[in-house]
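**Student:** One structure is given below, represented as structure tokens, and several questions about it will come after.
Nothing in this text is a laboratory measurement; each read-out follows from the coordinates by a stated rule. None of these values were measured; they are calculated from a predicted model. Heads up, the Cβs are rebuilt from the backbone with ideal geometry, glycines too, and the neighbour counts pull from every protein chain shown.
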């Protein structure tokens, strides 16, 4: 009974891995908001490939019906309307193997061009580290140089998140958090600087 269960679990894992690989095969990846994306299609038996449509994150569909540029067996189209954050899908059709074949390919637009749980965890770790060093230096250690450096790091972090967002988020909330971070960093580093020169 135990062996049968182990075999079922192993088969389930293998099927999941294959399924994930099939899904990821039709995705270009993530790109930065506002930058051009090179839409790509490989076809070694096509004489042409057309970009027929692009679906934007808000479900708006733009009919393109444009021939992609052929370079050997690769087809390319440069798409620059990437102001909306989210998942895009484009459809390409061509005469693959003397037939008419269409394929949907996904890509995503994020404020930083990055996506994934690893990047989010790393970014949250950096935020907590900067806040932690600054607050511990100011409130508990009374370490003036570290408070000044931590406050400046908070201001830099705030400016960075205003421009790039927080991984996949860039909205009013992230701007509010960014301005709050800049303000706290400025207040703490200014206070520590005044203490350094015995002004307060």
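**Student:** Rank-order 100-109, 156-165, 77-86 by packing density, defined as the average count of other C-beta atoms within 10 Å over each peptide's residues, highest first.
**Tutor:** Averaged packing, sorted descending, gives the order 156-165, 100-109, 77-86.
**Student:** So how many Å³ per residue does the convex hull of the Cα atoms of the stretch 20-167 work out to?
**Tutor:** It comes to 130 Å³ per residue, whole-number rounded.
**Student:** Given a Förster distance of 30 angstrom, what is the FRET efficiency for residue 61 paired with residue 162, based on the Cβ-Cβ distance and rounded to 0.05?
**Tutor:** Rounded to the nearest 0.05, the efficiency is 0.40.
**Student:** List 73, 134 from most exposed to least, where exposure is judged by having the fewest other Cβ atoms within 10 Å.
**Tutor:** Exposure proxy ranking, most exposed first: 73, 134.
**Student:** Ranking 197, 169, 138 by Cβ neighbours within 10 Å, fewest first, what do you get? Don't skip to the answer; put the middle values down first.
**Tutor:** Numbers: 197 8, 169 15, 138 23.
Fewest-to-most Cβ neighbours within 10 Å comes out as 197, 169, 138.
**Student:** If you don't mind, another one. Normalized C-alpha radius of gyration of the stretch 117-196, against 2.2 N^0.38 Å?
**Tutor:** Compactness ratio reported: 1.11.
**Student:** What Kirkwood hydrodynamic radius, in Å, does the stretch 28-110 give when the mean of 1/r is taken over all pairs of distinct Cα atoms and then inverted?
**Tutor:** About 12.9 Å for the stretch 28-110.
**Student:** Right, here's the next one. Sort 171-182, 44-55 for me by packing, meaning the mean count of neighbouring Cβ atoms within 10 Å per residue, highest on top.
**Tutor:** 44-55, 171-182
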